[in-house]
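Student: Before we start, here is the structure in question, set down as structure tokens.
The values are calculated or read from the model by the stated rules, or taken from the named source; none is laboratory data. Values in this document were obtained by computation on a predicted structure and should not be read as measured data. All Cβ positions, even for glycine, are placed from backbone atoms using ideal geometry, and neighbour counts span all protein chains on display.
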Amino acid sequence: MSQPLKLGVLGSGSGSNMQAILDAIDSGELHAEIVLVLSDNPEGYILERARKAGIVAEVIDCGGYKTKFPEEKQAAVAAQLKEAGVELVCLAGFMRLVKQPMLDVFPERILNIHPSLLPAYPGLMAWKQAVDDGAQESGCTVHYVDAGMDTGPIIKQAKVPVLADDTADSLHQRIQVEEHKLYPEVVAAIGQKLRQ
Ligand code: GRF
């Protein structure tokens, strides 16, 4: 059997998608290993989840910037991921825009999951955008990351109906159920391609 695909995960929040990837690894659906988890938010539960699973989990210190991901920091993170042997980077609720030099170090090797059917509703709180807009349908998208905001090539999507009594929260919860299936599935498919 081939070597497990080495994953690095970047997040800022609860880390439920990182957990779904871990669960898929544990159940044998995904032949991979998460070797490094990084969060720009020291309070992010993603760090605790990772540490509980015995994964190295560290804080990215963005020097007090609220949303900016300084270039020199991106270079340092890219080097840290490379050093850990990461082959594929998964953004999972990471709230800063990844650009050069990370994109240069990991060309077509950075994925993101977004809670809408892109290109609809890029950006923040996409589930709320869908409810406010009266959309009948939403969902989630796994895509390659490029220098734009949620603009990279789409790999796969899962649809979710928007119900008449949906709130932003209820829709987000239903979308997350699909995210937790879609992300591990896409990572597994990419892993198979990379090992061919
Ligand atoms: C997910 O809804 C994801 O689509 C978005 O941020 C949320 C992260 O959730 N990018 P979690 O931290 O994986 O629980």
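Student: If a residue must be out of contact with any strand residue (DSSP E or B) (no Cβ under 6 Å at 6 or more places or on another chain) and within 14 Å of the ligand (Cβ to nearest atom), how many such residues does region 132-150 contain?
Tutor: Residues meeting the conditions: 1.
Student: For region 54-66, check the following and say yes or no: at least one residue is modelled with pLDDT of 95 or more and of a type in the set (Ser, Thr, Tyr).
Tutor: No - not one qualifying residue is present in region 54-66.
Student: Picking from Ile21, Ile34, which residue would you name as being free of Cβ contacts under 8 Å to residues at least 60 places away in the same chain and among the β-branched types (Val, Ile, Thr)?
Tutor: Ile34
Student: For region 173-189, which positions are over 13 Å from the mean Cα position of the chain (by Cα) and surrounded by 21 or more Cβ atoms within 10 Å (Cβ to Cβ)?
Tutor: Ile175
Student: Also: Please enumerate the residues belonging to region 107-116 that are surrounded by 19 or more Cβ atoms within 10 Å (Cβ to Cβ) and over 15 Å from the mean Cα position of the chain (by Cα).
Tutor: Of everything in region 107-116, nothing turns out to be surrounded by 19 or more Cβ atoms within 10 Å (Cβ to Cβ) and over 15 Å from the mean Cα position of the chain (by Cα).
Student: Restricting to region 46-95, and then to whatever is touching a Cys at 6+ places or on another chain (Cβ under 7 Å) and in contact (Cβ under 8 Å) with a residue 24 or more places away in the chain, can you tell me which residue is farthest from the ligand (Cβ to nearest atom)?
Tutor: Lys68
Student: Something else now. Looking at region 165-196 only, could you name the residues that are outside any helix (DSSP H, G or I) and either touching a Cys at 6+ places or on another chain (Cβ under 7 Å) or at pLDDT 95 or above (or both)? Show your work before the answer.
Tutor: Residues of region 165-196 that are outside any helix (DSSP H, G or I), as a first pass: 165-167, 195-196.
Selection gives Asp165, Asp166, Thr167.
Student: Step by step: first the residues of region 4-23, then only those that are assigned to a helix (DSSP H, G or I) and out of contact with any Lys or Arg (no Cβ under 8 Å at 6 or more places or on another chain), then the one that is farthest from the ligand (Cβ to nearest atom). Which residue is that? Reasoning before the result, please.
Tutor: Quick first cut of region 4-23, residues assigned to a helix (DSSP H, G or I) only: 16-23.
Still in the list and also out of contact with any Lys or Arg (no Cβ under 8 Å at 6 or more places or on another chain): 16-17, 21, 23.
Numbers: Ser16: 3, Asn17: 3, Ile21: 9, Asp23: 12 Å.
Only one residue fits best here, namely Asp23.
Student: A follow-up question, please. Go through (1) over 23 Å from Gln19 (Cβ atoms); (2) touching a residue at least 60 places away in the same chain (Cβ under 8 Å) and name the single condition Ala188 misses.
Tutor: (1)
Student: What is the one condition in (1) farther than 20 Å from Leu47 by Cα; (2) within 12 Å of the ligand (Cβ to nearest atom); (3) touching a Leu at 6+ places or on another chain (Cβ under 9 Å) that Phe106 does not satisfy?
Tutor: Single failed check for Phe106: (2).
Student: If you don't mind, there's one more thing I want to ask. Kindly indicate which of Leu117, Leu97 is farther than 21 Å from Ala76 by Cβ and of a type in the set (A, V, I, L, M, F, W, C).
Tutor: Leu117
Student: What pairs come up if the first residue lies in region 129-156 and is over 10 Å from Ile113 (Cα atoms), the second is at pLDDT below 95, and their beta carbons are under 8 Å apart, counting only those six or more places apart or on different chains?
Tutor: Between residues of region 129-156 that are over 10 Å from Ile113 (Cα atoms) and residues that are at pLDDT below 95, the close pairs are Ala147/Lys99; Ala147/Gln100.
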